[in-house]
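Read the structure below first, then the notes.
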Amino acid sequence: METITLGKNGPVVTPLCLGTWAWGDKLFWNYGDGYGVEQLKEAFTAALEAGVTFFDTAEIYGLGTSEEFLGQFLQQTQQPVQIATKFGPLPWRFTGQSVSDALTESLKRLQLDRIALYQVHWPFTFFLSQETLMNALADEVQRGRIGAVGVSNYSAAQMREAQQILAARGVSLAVNQVRYSLLSRQIESQGILDTARELGVTILAYSPLAQGLLTGKYTSDRSETPTGARRIDPRFNKEGLQKISPVISLLQQFGEKYDCTPAQVALNWLIAQGNVIPIAGVKTAQQVKQNAGALGWRLSDAEISELEQVTRPWL
């Protein structure tokens with residue numbers, strides 16, 4: 001399994017990360033309806049068997065349940081696993097101590113003394129200044145409780161500001177976790193990807209399959225309908241699905257060539273961008289195996305370019 005270093009000198013992780021938003025989340029993912037803790041445990045085990053040992057969670061996922069599940073599963077393996085979690089800058093958190101306290105609670109739920117990556121979940125921090133926030137995170141790197149600092153949903157300018165504050169403390173900004181897929185390429189047109197490359201920041205790409213649109217499961221001529229909040233997403237209606245049909249067709253064409261699924265091709269395209277790690281959400285062992293099929297091979301430069309061309313409307 002090849003590996004990627006987060007940022008300039010952060011932890012070394014697998015080139016695919018598994019997302020655990022659905023682990024215990026009833027609001028968006030209907031946890032308990034069709035999948036439960038047994039399926040999640042099987043997914044965790046399948047990931048380790050496939051050599052994928054990088055997991056992303058957050059204190060807000062399932063209101064802490066996601067972290068608790070990961071903590072339970074981690075107790076049952078000796079294999080090294082890298083965990084990334086996130087701090088939510090909520091209105092009542094406006095001191096450096098509130099950052100430290102939130103990390104303490106996450107570590108308790110995860111049953112760990114240290115995590116590989118601690119990320120700021122969104123850029124709007126209410127009464128907590130970026131100076132206070134980044135200095136509190138730098139303190140935790142120096143205390144040894146986190147291996148690297150990350151942000152999420154930060155613009156190019158916000159990322160640069162965070163990097164400057166951290167650099168004054170001798171700490172590098174390791175990642176920016178943003179929405180990025182063949183159908184969400186705005187980080188390219190907004191300068192976020194270029195700025196990340198300039199600063200040596202790794203992009204963690206969430207929603208890399210556009211919430212299932214890139215799996216080929218949903219097409220304008222099939223009766224498959226999405227569940228949950230996706231039912232009211234216009235991208236899943238007939239017109240939306242017709243718009244993406246050229247993209248799905250190309251993914252299927254390349255999938256046949258490499259004996260892969262459209263989803264595996266879409267994930268491979270992201271990995272091929274360089275210093276980009278897709279976060280694929282999983283609930284079952286089968287989904288883990290599917291996503292792991294994106295590893296161990298590479299699209300040709302010509303194929304990467306073809307996918308880039310057909311998805312230009314989503315820049």
(request) Please work out if residue 251 is open to solvent by less than 70 Å² (accessible area, probe 1.4 Å), in a helix (DSSP H, G or I) and either farther than 30 Å from residue 163 by Cα or of a type in the set (D, E, K, R) (or both). (result) yes
(request) Return the total of residues in segment 56-91 being open to solvent by 20 Å² or more (accessible area, probe 1.4 Å), in a helix (DSSP H, G or I) and not aromatic (Phe, Trp, Tyr). (result) 5
(request) Enumerate the strands (runs of 3 or more DSSP E) found wholly within segment 92-179, keeping only those where 3 or more residues are among the small types (Gly, Ala, Ser), in contact (Cβ under 8 Å) with a residue 24 or more places away in the chain and within 18 Å of residue 6 (Cβ to Cβ). (result) 146-152
(message) Any residue that is open to solvent by 10 Å² or more (accessible area, probe 1.4 Å) and in contact with a helix residue (DSSP H, G or I) (Cβ under 6 Å, 6 or more places away or on another chain) - is there at least one of those in segment 101-110?
(response) yes
(request) Return a yes/no flag: does segment 197-220 have any residue that is under 22 Å from the mean Cα position of the chain (by Cα), open to solvent by 60 Å² or more (accessible area, probe 1.4 Å) and more than 20 Å from residue 5 (Cα to Cα). (result) yes
(message) Quick test of your reading of the structure: residue 186 fulfils all but one of (1) exposed (fewer than 15 other Cβ atoms within 10 Å of the Cβ); (2) within 19 Å of residue 22 (Cβ to Cβ); (3) within 19 Å of the chain's Cα centre (by Cα). Name the failing condition by number.
(response) (2)
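The values are calculated or read from the model by the stated rules, or taken from the named source; none is laboratory data. Remember, it's a predicted structure, so these values are computed and weren't measured experimentally. All Cβ positions, glycine included, derive from the backbone under ideal geometry; neighbour counts span all protein chains shown. To get the accessible areas, we keep the full protein, side chains included, count just its heavy atoms, and leave off ligands, DNA and RNA. Shrake-Rupley method; radii C 1.70, N 1.55, O 1.52, S 1.80 Å.
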